[in-house]
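The structure appears below as structure tokens.
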Amino acid sequence: AFEPETILIPTGPFWMGSDMAPIEMPRHEVVLPAYRIGKYPVTHTEYAHFLRHNPQHDPPRRAGWSLLRQPPRSKADHPVVGISWHEANAYCAWLRQVTERSYRLPSEAEWEKAARGTDGRRYPWGEAWVEGRCNIAASDTTQVGQFPTGASPYGCLDMLGNVQEWTHTLWGADPNQSDFLYPYHADDGREADGESPSLHLAYRIQRGGAFESSADTVRCSARKASLGDA
């Protein structure tokens, strides 16, 4: 009941980045092995199972969790918000332990391929913006999967809008300048172990777009770095 539903992303190449924005250049081909990724963002209910078995971790600082470490019933199937990268990483480590499967945060490249497929499309559903296919310009999160027409080519939902999502990939020490430029290379240090003391204050890349974003600013290829909540 607590294990997220995942989707298989097959091995092969995809187009990563964009030639329209300096921070995303150049558009380039990346080849990834097969992997699985969550069909939806992790929900409050799924994260509550983690907290129940890990009392050393505090509940999220947003969305009205009770003193009994339970989320509001009305938001049980909403994506969990207000957790740090280290808390998200700890959640994956717990899943890995209790299920004996290889759960971890996705890399930036894995997230992008799952969101836009292999043809380099601008949005998960295609090249053109279509109203009503994701939760943006809103006052709050929505239940995961509420926008089925916004699915990516592989069937992943809420890849755009609702909440920003943590990836495993490093941005660097300066929020204004990444230490790792494109083209993406997984072996150049950007996928270093995040629990190393030397990386404790390093910025990590978030993907997607939050519910309060506007249609003018969200793109499934946008890079975003933050030490804050997602």
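The values are calculated or read from the model by the stated rules, or taken from the named source; none is laboratory data. Just so it is clear, the model here is predicted, and its values are computed rather than measured. A quick note on method: Cβ atoms are made from the backbone with ideal geometry, for glycine too, and the neighbour counts reach across all protein chains shown. Accessible surface areas use protein heavy atoms only, side chains included; no ligands, DNA or RNA. Shrake-Rupley method; radii C 1.70, N 1.55, O 1.52, S 1.80 Å.
Comparison of 59, 72 shows that the only residue that is loosely packed, with under 15 Cβ neighbours inside 10 Å and over 15 Å from the mean Cα position of the chain (by Cα) is 72. The residues on offer are 69, 73, and the sole one that is on the phi < 0 side of the Ramachandran plot and charged (D, E, K, R) is 73. Filtered by the rule that a residue be within 15 Å of residue 32 (Cβ to Cβ) and outside any loop (DSSP other than H, G, I, E, B), the stretch 116-134 gives a lone residue, 116. Residues that are touching a helix residue (DSSP H, G or I) at 6+ places or on another chain (Cβ under 9 Å) and in a strand (DSSP E or B) were ranked within the stretch 14-36; the one that is most open to solvent (accessible area, probe 1.4 Å) is 15. Check the stretch 85-96 and report whether any residue there is touching a helix residue (DSSP H, G or I) at 6+ places or on another chain (Cβ under 6 Å) and within 27 Å of residue 192 (Cα to Cα). Checked the stretch 85-96: at least one residue is touching a helix residue (DSSP H, G or I) at 6+ places or on another chain (Cβ under 6 Å) and within 27 Å of residue 192 (Cα to Cα).
Identify the residue in the stretch 37-56 that is charged (D, E, K, R) and outside any loop (DSSP other than H, G, I, E, B) and, among all such residues, is surrounded by the most Cβ atoms within 10 Å (Cβ to Cβ).
46
Of all residues in the stretch 194-219, which are modelled with pLDDT under 65 and either within 22 Å of residue 117 (Cα to Cα) or outside any loop (DSSP other than H, G, I, E, B) (or both)?
197, 198, 199
The single residue among 101, 96 that is within 21 Å of the chain's Cα centre (by Cα), more than 29 Å from residue 149 (Cβ to Cβ) and at pLDDT 95 or above turns out to be 96. Output yes when any residue across the stretch 42-64 is under 27 Å from residue 20 (Cα atoms) and not small (Gly, Ala, Ser), and no when none is. No, the conditions are met nowhere in the stretch 42-64.
Free of Cβ contacts under 8 Å to residues at least 24 places away in the same chain, touching a helix residue (DSSP H, G or I) at 6+ places or on another chain (Cβ under 9 Å), surrounded by 11 or more Cβ atoms within 10 Å (Cβ to Cβ) and of a type in the set (A, V, I, L, M, F, W, C): is that true of residue 65 in this structure? Let's see the steps before the verdict.
Working: free of Cβ contacts under 8 Å to residues at least 24 places away in the same chain: yes; touching a helix residue (DSSP H, G or I) at 6+ places or on another chain (Cβ under 9 Å): yes; surrounded by 11 or more Cβ atoms within 10 Å (Cβ to Cβ): yes; of a type in the set (A, V, I, L, M, F, W, C): yes.
When the stated conditions are applied, residue 65 passes them.
Does residue 117 satisfy being at positive phi and touching a residue at least 40 places away in the same chain (Cβ under 8 Å)? Judged against the criteria, residue 117 is a match.
Output the residue which, of all residues in the stretch 167-187 that are of a type in the set (Asp, Glu) and modelled with pLDDT under 95, is nearest to residue 19 (Cα to Cα).
So, considering only residues that are of a type in the set (Asp, Glu) and modelled with pLDDT under 95, the one nearest to residue 19 (Cα to Cα) is 179.
If only residues of the stretch 135-172 that are assigned to a loop (DSSP other than H, G, I, E, B) and of a type in the set (D, E, K, R) are counted, the one that is least open to solvent (accessible area, probe 1.4 Å) is 158. Reported count of residues in the stretch 68-100, each being of a type in the set (Lys, Arg), part of a helix (DSSP H, G or I) and touching a residue at least 12 places away in the same chain (Cβ under 8 Å), is 1. The residues on offer are 109, 114, and the sole one that is open to solvent by less than 10 Å² (accessible area, probe 1.4 Å), closer than 22 Å to residue 29 by Cα and touching a Cys at 6+ places or on another chain (Cβ under 6 Å) is 114.
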